[in-house]
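Engineer: Below is one structure. I have some questions about it.
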């Protein structure tokens, strides 16, 4: 049987159209030859999720997003996605939008609830969640940091303003003068240190001799201390104690007027007599100096002694 050209042309057109439809759906992530299940989830914001975005379970891609459309006048979004894997999950599983970095886009991750035995069937609507993406996480971390940086900048600005107010022209000049004086002091200290080092270097031998002398003196001191330790100090203290006791006894007797010396110290009459005698002796010596003739008579011819006359009669 010979086919006509028209039949061949129609057959080729049908095949081409089928390939175009199949290829278009394949590019969208749908395989018309593979059996799949369709599920839905409702979101307030899909945050960049698009058709053909992957659907994963524990990181393994099991499907793709097939359609995103507005659900009602409240602008809620209905996301439909297909799952081609035979893996079963419960109806209470969560369809979470995640990802979104500098290169890749958003995806849907199905988080199965293994405690629920009510399995999801094609056409069910799963619970929806949206995970913070990279930009949201960065923004959440940077916002508190931004406030801290702003507060720090404000504090630094206030500090600089206060310093400018305090550090007027006179204060700045004083600080400069203080720094110059401090540098001069450091230079003087450096010079003094160098002089001390030179002095120590020049007198190192003398210092060594001095240290030897000190060591020799300490050795002698140790010998003297050993000699003192070897002396019989206890008998010396006993004898000293006895002498002090005797001295205390003597002073006690003197205080009581006992003995000749004690009576002499306590007898006021004897003191008065001694004082009067001394006075008379002084007067006698004075009169002998003034009138020696009264007491010494010398005569060759045996002249008789004249009777004593007082000084008033001589006058």
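The values are calculated or read from the model by the stated rules, or taken from the named source; none is laboratory data. Everything numeric here is computed off the predicted structure, so don't read it as measured data. Please note: Cβ atoms are built from the backbone with ideal geometry, for glycine as well, and neighbour counts cover all protein chains shown.
Engineer: Show the residue pairs that are 6+ apart or on different chains and have beta-carbon atoms under 8 Å apart, the first residue being within the stretch 34-59 and at positive phi and touching a residue at least 12 places away in the same chain (Cβ under 8 Å), the second being assigned to a loop (DSSP other than H, G, I, E, B) and surrounded by fewer than 17 Cβ atoms within 10 Å (Cβ to Cβ).
Structural biologist: Pairs found: 48/105; 52/28.
Engineer: Same structure, new question: Considering only residues that are buried (at least 18 other Cβ atoms within 10 Å of the Cβ) and at pLDDT 90 or above, which ones fall in the stretch 64-75? Can you show your working first?
Structural biologist: Here is the first cut: in the stretch 64-75, the ones buried (at least 18 other Cβ atoms within 10 Å of the Cβ) are 64-66.
Passing the criteria: only 65.
Engineer: Let me spell it out: the conditions are (1) at pLDDT 90 or above; (2) within 51 Å of the chain's Cα centre (by Cα), and residue 136 meets all of them except one. Which number is the exception?
Structural biologist: (1)
Engineer: Now for a different question. Looking only at the stretch 76-116, which residues are under 14 Å from residue 47 (Cα atoms), modelled with pLDDT under 90 and either buried (at least 18 other Cβ atoms within 10 Å of the Cβ) or more than 60 Å from the chain's Cα centre (by Cα) (or both)?
Structural biologist: Within the stretch 76-116, 99, 100, 106 qualify.
Engineer: Filter the stretch 279-307 down to residues that are at negative phi and at pLDDT below 70, then give me how many there are. Break it down stepwise before answering.
Structural biologist: Step one: filter the stretch 279-307 for residues at negative phi, giving 279-301, 303-307.
Restricting the remaining residues to those that are at pLDDT below 70 gives 295-301, 303-307.
So the answer is 12.
Residues checked against (1) on the phi > 0 side of the Ramachandran plot; (2) surrounded by fewer than 10 Cβ atoms within 10 Å (Cβ to Cβ); (3) modelled with pLDDT of 85 or more:
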residue	(1), (2), (3)
176	no, no, no
183	no, no, yes
196	no, no, yes
199	no, no, no
210	no, no, no
226	no, yes, no
